[in-house]
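Each reported figure results from applying straightforward, stated rules to the coordinates on display, with no laboratory input. None of the values given here were measured: they were computed from a predicted structure. Ideal geometry is used to build each Cβ from the backbone, glycine not excepted, and the neighbour counts take in all protein chains shown.
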Amino acid sequence: MEGGERALATQTRESRSGRRRFLKTLGAGAATLLALEVLESTARPAEAAPAAPPAALPAERPQEDVLLRMQRDLQRALRKPAHLRRWAMVIDLRKCVGCSACTIACVAENKLPPGVVYRPVVDEEIGTYPHVTRRFLPRPCMQCDNPPCVPVCPVNATYKRADGIVAINYDQCIGCRYCIVACPYNARTFDAGEHYTDGTPGRSPVEEVPNFEYGKPWKREGDASPVGNARKCHFCLHRLEAGMLPECVTSCIGRATYFGDAEDPEALVSELMHRPNAVRLKEELGTKPRVYYLL
Amino acid sequence: MTERNGENGRITRRQLLKAGALVGGGALLGQAGRLLASAQEVAQSPAVQYPLAQAENQLYSSCLMCNTGCGIKVKVLDGVAAKIDGNPYNPFNLVPHVSYKTAPHQVAGVDAPLCPKGQAGLLSVYDPYRLRVVLKRAGPRGSNKWRTIPFDQAVREIVDGGKLFADIGEDRHVPGLRELWALRDPKVAKEMDAFVRRIRAEKDPAKKQALVREFQQTFRDHLHTLIDPDHPDLGPKNNQFLYFWGRQKAGRTEFARRFVQESFGSVNFHGHTTVCQGSLYFACKAMSEQYEFDEKDGKMKWTKGRKFYWQADTEHSEFVVFVGASPFEGNYGPTNRVPRLTEGLATGRLKFAVVDPRLSKTAAKAWKWIPARPGTEGALALAVIRWILDHQRYDARYLRNANKAAAEEDGEPTWCNATWLVKLEKGRPEGFLRASDLGLPVQKRSQEVKGKRVEYEFDPFVVLRDGRPVPFDPYDEQNPVEGDLLVDTTLNGIRVKSGLQLLGEEARRHSLQEWAEICGVRAEDIEELAREFTSHGKRAAADIHRGVSQHTNGFYNVWAWMTLNVLIGNLDWKGGMASAKVYDPSGEKEGQPFNLKELHPKRTTPFGVSIIRHETKYEESTLFRGYPAKRPWYPLSSDVYQEIVPSIGDAYPYPIKIAFLYMGSPAYSLPAGHTTIEVLKDPNKLPLFVAVDITVGETSMYADYILPDLSYLERWEFQGSHPNMTVKVQPVRQPVIPPVPETVRVFGEEMPISLEAFLLACAERLGLPGFGKDGFGPGQDLRRPEDFYLKMVANVAAGDRPGDAVPDASDEEVRLFLQARRHLPKSVFDPEKWKRAVGEAWWRKVVYVLNRGGRFQEYQKAFKGEQLANQYGTLVSIYSEKVAKTKNSMTGKPFPGLPAYIPAPRDALDRPVEDEKAGYDLHLITYREVSHTKSRTGTNYWLLALLPENFVLVHRQDAERLGLKDGDLVRVTSASNPDGMWPVLDGHSKPMVGRVRVTEGIRPGVVAFSLGHGHWAYGSVDLVIDGKVLKGDARRGRGIHANAAMRVDPVLKNVCLSDPAGASAVFYDTRVKLVREAS
């Protein structure tokens, strides 16, 4: 319990050295902004599942929230053959207010236990009084096109999908944690089977509700998956397939997180990821993240 | 007609026992809703891989994890709320929100944003420490020893009184409600009230005494119903029953008011306003007073000031200065406010400045951060005013308009009294100059009052126009009158000045440099701020909050900043200042079907001075014996939260015998809240103390009885709006999950234990009119909460005028309405009873509103051209003769009638408090983390995961000076709490110790802690229930809550420092020391 709490808490406030690392990365940052290498599609259970009809949307109006525009972009992408979509995320740091709505929304959506977090937000203080500010950095899985976590998996449980998402096959994962160590972004955490309401008069029913990761219901009971697995952000694949944006996007009160099909020139993300102020984290590692930041 | 599963949603004792959730003899609950069936049941079909996206599994309601109350979409799986997102119909969540006409199926897949507190609401609702049954104390108050008792027993004991605690050795008679329900005849109450008004209005002491004797003679048969026949203005014994609350929204407010005031007849019905931002509300109330004919007094007077305030329409602003306000963390945000700011930041439409001693998340994005010294906010405003006046950067065209016709000529929705002439009495500005002062005619007017024609006089106000006096009526729509802005002259031997002239004189008491030194900021920053503020026409705004108001000078700080908005004439303009507008649920508007106030067979008139002496002058009372009064009176304010418990303690102006506390925790929330514990734990001071709470909290732990309540996902309320919301709204909170508390029977009806069940049951046992059979009138019963609340929903559906009603729900929508509630038990959802409550004519409209989580105006309708459509639209005052003629009850000195800088802090006798001279070298402030809301979120495990404990923020320079480093433990001590302790129980104190976080982001000399952590109850400690120990969870008590270090008033000694005018409880004027603790 303690450990779990610590994990979440420390990830939301990084050390000053972490900040320096980040700034250095930005300094080196103007390198390759795009890497649209299309990987060969591997047939996996979750990908093969038939998609439900996408959720209905209200009639389009001249002025509407950017979330609706992106959801229309998303549903347009869903009408294409699956292998022609390439999901990407853009996070506008000017609009991120460090509220952690995304962090908690993700916990709630994916029923994440203590110690497991898919999308921490780093809160850094920069400068000396009175010239001081704070920077907020949400840090989801980068869904790298060259993911260091994939080759280290001894059982091929983690894999790159044609649509760009790095997924985990929970049924296959043996919980060896090699991928957790391999990820340069600390995007993966381990599900040790804990519950937030352990040690209280009763477990909260919220912790017993299934999540719907990868399009099927998962209940965390005993040692059954995803307990004992490595876990990470999957761009809310189960929501994408229902025609809905990832939870971190829909929960974002600053409208700082953009999402869509990078292969669709009409999509808002395609426009934003090519802006001159767009950068990716740790470009120098050659991981080719699918998450971009606007500075 | 519904596809309800009989088992769904019912919690049986057997299931609970099976789930292992019961500890302490059945008091507490860890499980709610039916235990989950297998997941396959909900998601077997390949077409339904994601059941949360289906409209049939969604219900719309309103959040209450903080009082912003954003819209929520609650997604239900097998009777359990599985996920909460934002409501796309609600403008608090989407910008713009979707059209109200959109069918619910079309937004089933649209999730709208919601802040982390809202997202984490599930963990608060399904908190393992929630109460299901009634607790009665089994030891001294605060001993944490309880026993569970049947609901009916609790009601019987509370109503009938008796030796209720004889079993634990307390041989005293406890009064019941029946004993205090002394005056029962509404006709007598009304006559007494009218007579007491005459007594109060009489200024001559001898004549006042004579009137009291006449009163005693007139009501000789009823004197036994009074608290004190020699002081009839204290009112009847009914007033010795007090109902007070921390957070109560419309709906529950009307329900409880019906019980306490309209049926029982007590005046003591008080909210918590002054602990939040009292002086903000009451300064704006003073600014919004209107000069009108008053029916009760039969004459014209300043009246109808609105307890409200303005906030910026940041969606259209080009420049905003946030003062003591952080919309990214609090400030009636963040979900609604943030997107309206971040869009502006990213596109370059907007820049903003932040005045705050701490580098808030908002300040982090600011064009300019001005960490002014706390308590000097008014000085900073006057500095900006000075610069604006010196450089003539005000909107002269707006300010010249003295009346409505002049404003209309300029297309201005509002006008102000900057040009009105004020008379100086011995050099002091007091009343406005009137036509009669110049020998000009006074108008005779008359008005129909209850069938009688009442004659009265209107003595016009006067401006100077090109050197000549012009009398006028502020509301004249035909004859525009403009005045000269700066006037200082003598007319008919009377020295007069214009309001703007007087304001300028206040602002010129110091040079810009001197003001800058007072505030501890650079004069250049003030100048740049003033220039920017006056460089965007009406699309600039000063948006202020608690940091301005919670000082001893809060009222005047607020008035000064709000006056800046008046100087640029931005009220009701896009990008300027907005005020809240709601669809009224009360039924008092034309075309609304159910006027709940009128629907009462025997409504009474509560009268008498309240326990907090609000909205009443000490000088008019029969208790007046010169200055100082025993405790302060608050003629300009109400809901003076910090005065309630200490006044009970001092029995001033009379003893309170029974108190009900609903959803409040004064011990935790108030500055110096520890002083309330001494009173609350003493049965001699408060003989019967009943709390309605969701768990055993920091204050309810001192109660005699705790009645479990419904959470915000289980109950009804009307959330209303906030001033920054330009769209007219009325979000409705409704039951979306099965109730957690046990089901009981009241008036023959099944319902969960709750505030409503408790009040209904008390009414049933008392035989109180207005409840039960024919409670609304012949043939109209009030047996169930829904009988009341659905009528309010129907009023919202009807709109605010004839022809404003929502459409009828289609058959498809009615089907969805029933389907989406299939998991709710009959104790909270019985479609036939619901329909009966509003009748066939309104049923489908009610369904239409509930299917959308309330009523929301179309986005486009919120604006008209460059203006806001939902307007304040009337006179606003920068000078108030009403305030200028009101006296401080402790000093006898009148309050200033216009914005002024009064150095803080000051005690109740208006003397400076100078603890820095005693070595208390640091200035303590508080702040809000975006993930917390004062007392009710610090135990939410998801939110605790973000921040397991809070910190004491210390500037690096102070840390170096004191030899402190990150992570060190320090105790916070002050002159009024030198040990730095919370006196929780006899022999048990909780030290105020927290971890240091060293930062550059705070003004040196200031230290801060965030509110929400550091609990000593609320599941953080062990309880004994029915003789068994229920283990607390130490995670819930981590961090520091340093309110007990806040300064106790040195005069009154049992309350925090307070603003004598606006009544704010003072959070930000305490000097402290940090004492290192062994780690």
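How large is the charge dipole for the protein assembly as shown, taken about the Cα centre, if only the Cβ atoms of Lys, Arg (+1) and Asp, Glu (-1) carry charge, to the nearest 20 debye?
Rounded to the nearest 20 debye, it is 1100 debye.
Along the range A:90-95, what does the Karplus equation 6.51 cos²θ - 1.76 cosθ + 1.60 (θ = phi - 60°) give for ³J(HN,Hα), rounded to whole Hz, x for Gly and Pro?
Once rounded to whole Hz, the list reads 10, 10, 8, 5, 5, 9.
Below 8 Å between Cα atoms, with a sequence gap of 6+, how large is the relative contact order for the range B:905-1076 in percent?
In percent, rounded to a whole number, it is 35.
Towards the positive end of the charge dipole of chain B, with charges on Cβ (+1 Lys, Arg; -1 Asp, Glu), say which of B:Val463, B:Thr552, B:Leu242 has the farthest Cα.
Looking along the dipole axis, the top candidate is B:Leu242.
Taking the 0 to 90 degree range and rounding to the nearest ten, how far is the long axis of helix B:186-201 tilted relative to the main principal axis of chain B, both from C-alpha atoms?
Result, in degrees: 30.
Whose amide H sits under 5 Å from the amide H of B:Glu714, counting only residues 5 or more places off or on another chain, with H placed in the peptide plane?
Hits under the 5 Å cutoff: B:Val736.
Partner chain Cβ atoms within 10 Å, averaged over the residues of A:251-262 - can you pull that number for me?
So the per-residue partner count for this stretch is 5.
Quick check: the distance between the Cα centres of the range B:765-816 and the range B:1028-1052, to the nearest angstrom?
Taking the Cα centre of the range B:1028-1052 as reference, the centre of the range B:765-816 is 42 Å away.
Taking the Cα-to-Cβ direction at B:Met300 and at B:Glu1077 and moving 7 Å from each Cα, how far apart do the two end points lie in nm?
A separation of 6.2 nm, rounded to one decimal place.
Which of the peptides B:991-1004, A:231-244, B:424-437 is most tightly packed, and how do the rest follow, going by the mean number of other Cβ atoms within 10 Å of each residue?
A:231-244, B:991-1004, B:424-437
Using the structure shown, list the pairs from B:Lys285/B:Lys589; B:Lys423/B:Lys444; B:Lys307/B:Lys597; B:Lys307/B:Lys617; B:Lys597/B:Lys882 with a Cα-Cα distance above 25 Å, or answer none.
Distance filter (> 25 Å) returns B:Lys597/B:Lys882.
Shielding of B:73-86 by partners, i.e. mean partner chain Cβ atoms within 10 Å per residue? Before the final figure, lay out the partial values.
Numbers: counts 0, 0, 3, 1, 5, 3, 1, 5, 3, 10, 9, 3, 6, 6.
Partner-chain Cβ atoms within 10 Å, mean over residues of B:73-86: 4.
What whole-number distance in Å separates the alpha-carbon centres of the range B:996-1010 and the range B:847-888?
So the separation of the two Cα centres works out to 37 Å.
Using +1 on the beta carbon of Lys and Arg, -1 on that of Asp and Glu, and nothing else charged, what's the dipole of the range B:905-1076 about the Cα centre, debye to 20?
Result for the range B:905-1076 is approximately 380 debye, rounded to the nearest 20.
Would you tell me the mean number of C-beta atoms belonging to other protein chains that fall within 10 Å of each C-beta in B:937-946, as a whole number?
The shielding value for this peptide is 6.
Quick one: helix B:641-650 against the long Cα principal axis of chain B, what's the angle to the nearest 10°, folded into 0 to 90?
Helix B:641-650 and the main axis of chain B meet at about 80 degrees.
State whether the range B:905-1076 is rounded, prolate or oblate according to the following rule on the C-alpha gyration tensor (a ≥ b ≥ c being the square roots of its eigenvalues): a/c under 1.5 gives rounded; otherwise a/b larger than b/c gives prolate, and the remaining case gives oblate.
oblate
Full extension from B:Asp979 to B:Lys597: what is 0.36 nm times the residue separation minus their Cα-Cα distance, to one decimal in nm?
Numbers: separation 382, 0.36 × 382 = 137.52 nm, distance 5.06 nm.
Contour length minus Cα-Cα distance gives 132.5 nm.
7 Å from Cα along Cα→Cβ at both B:Asp1022 and A:Arg69: what's the point-to-point distance in nm?
Computed distance between label sites B:Asp1022 and A:Arg69 equals 6.0 nm.
Just from its helices, what would the mean residue ellipticity at 222 nm be for the protein assembly as shown, if runs of 4 or more DSSP H residues each count -39500 (n - 2.57) and the sum is divided by every residue, rounded to the nearest 500 deg cm²/dmol?
Working: 40 runs with 325 residues, N = 1374.
Value at 222 nm, helices only, nearest 500: -6500 deg cm²/dmol.
Under 5 Å between amide hydrogens, which residues at least 5 positions from B:Gly1032 or on another chain qualify, with H placed 1.01 Å from N in the peptide plane?
Result for B:Gly1032 returns B:Asp1022, B:Leu1023.
Angle between the Cα long axis of helix B:377-390 and the longest principal axis of chain B, 0 to 90 degrees, nearest 10?
40
Given the options B:Ser665, B:Tyr927, B:Thr102, identify the residue whose Cα lies farthest towards the positive end of the charge dipole of the protein assembly as shown (+1 on Cβ of Lys, Arg; -1 on Cβ of Asp, Glu).
Final value for the positive-end residue is B:Ser665.
If r is the Cβ-Cβ distance from B:Asp488 to B:Glu916 and R0 is 60 Å, what FRET efficiency results, to the nearest 0.05?
0.95
Pull out a ≥ b ≥ c, the square roots of the eigenvalues of the alpha-carbon gyration tensor of the protein assembly as shown, then state rounded if a/c is under 1.5, prolate if not and a/b is larger than b/c, and oblate in the remaining case.
prolate
Cβ under 13 Å from B:Arg906's Cβ, B:Arg906 left aside: what net charge do those residues give with Lys, Arg +1 and Asp, Glu -1? Please report the intermediate quantities before stating the final value.
Details: positive: B:Lys893, B:Arg911, B:Arg1047; negative: B:Asp907, B:Asp910, B:Glu914, B:Asp915, B:Asp1049, B:Asp1059, B:Asp1069.
Taking every Cβ under 13 Å from that of B:Arg906, the sum is -4.
Using the charge dipole of the range B:832-915 (Lys, Arg: +1 at Cβ; Asp, Glu: -1 at Cβ; taken about the Cα centre), state which of B:Ser877, B:Ala862, B:Asn888 has its Cα farthest towards the positive end.
Farthest towards the positive pole: B:Ala862.
Could you run the Karplus curve 6.51 cos²θ - 1.76 cosθ + 1.60 with θ = phi - 60° over the range B:1071-1079 and give me ³J(HN,Hα) per residue in whole Hz, x for Gly and Pro?
9, 9, 10, 9, 10, 5, 10, 5, 6
Tell me whether the range B:774-852 comes out rounded, prolate or oblate; compute the Cα gyration tensor, take square roots of the eigenvalues as a ≥ b ≥ c, and use a/c under 1.5 as the rounded threshold.
oblate
So, R0 is 30 Å and r is the distance between the beta-carbons of B:Glu517 and B:Ala396; what FRET efficiency does that work out to, to 0.05? Can you show the working numbers first?
Numbers: r = 30 Å, r/R0 = 1.01.
Between B:Glu517 and B:Ala396 the formula returns 0.50.
Taking 8 Å as the Cα distance limit and 6 or more residues as the minimum spacing, I'd like the relative contact order of chain B as a percentage.
Dividing the mean separation by the residue count of chain B yields 18 percent.
Using Cβ counts within 10 Å as a stand-in for footprinting exposure, how do B:Val1051, A:Val97 rank, fewest first?
B:Val1051, A:Val97
Only loop residues by DSSP count here, and only those with at most 15 other Cβ atoms within 10 Å; note down the chymotrypsin sites (Phe, Trp or Tyr not before Pro) in the range B:639-725 that meet that.
none
Fully extended, how many nm does the chain gain between A:Asn186 and A:Glu266 (0.36 nm per residue separation, minus their Cα-Cα distance)?
25.6 nm
Determine the gain in length on full extension of the stretch B:Asp682-B:Arg745; use 0.36 nm per residue of separation and subtract their C-alpha separation, reporting nm with one decimal.
Residue separation times 0.36 nm, minus the Cα-Cα distance, leaves 19.4 nm.
What nm value, rounded to one decimal, do you get for the distance between B:Ala166 and B:Ala1034 when each label is placed 7 Å out toward the C-beta?
My value for the distance between the label points is 4.4 nm.
So if I place +1 on the C-beta of Lys and Arg and -1 on the C-beta of Asp and Glu, and nothing else carries charge, what would the dipole magnitude of chain B be about its Cα centre? I want it in debye, nearest 20.
Dipole of chain B, to the nearest 20 debye: 1440 debye.
How far is the Cα center of the range A:67-94 from the Cα center of the range A:125-165, in Å?
After rounding, the separation between the Cα centres reads 19 Å.
Taking the Cβ of A:Leu112 as the center, what net charge do the other residues with Cβ under 12 Å away carry, scoring Lys and Arg +1 and Asp and Glu -1?
Summing Lys and Arg as +1 and Asp and Glu as -1 gives -1.
Please identify the GluC sites (Glu not before Pro) of the range B:264-342 that satisfy two criteria: DSSP loop assignment and at most 14 other Cβ atoms within 10 Å. Which are they?
Within the range B:264-342, the qualifying GluC sites (Glu not before Pro) (loop, at most 14 other Cβ atoms within 10 Å) are B:Glu295.
At a 10 Å Cβ-Cβ cut-off, how would you order A:Asp73, B:Asp1059, fewest neighbours first?
Starting with the residue having the fewest Cβ neighbours, the order is A:Asp73, B:Asp1059.
Pairs of lysine in the range B:905-1076 with Cα under 26 Å and at least 8 positions apart or on different chains: total?
14
Would you mind calculating the relative contact order of the range B:339-436 from Cα pairs under 8 angstrom and at least 6 residues apart, reporting the percent as a whole number?
Working: 85 pairs, mean separation 12.6, N = 98.
Relative CO of the range B:339-436 lands at 13 percent.
Tabulate in residue order the Karplus-calculated ³J(HN,Hα) for the range B:616-629, using 6.51 cos²θ - 1.76 cosθ + 1.60 with θ = phi - 60°, rounded to whole Hz; enter x for Gly and Pro.
8, 8, 4, 4, 7, 7, 6, 7, 4, 9, x, 10, x, 5
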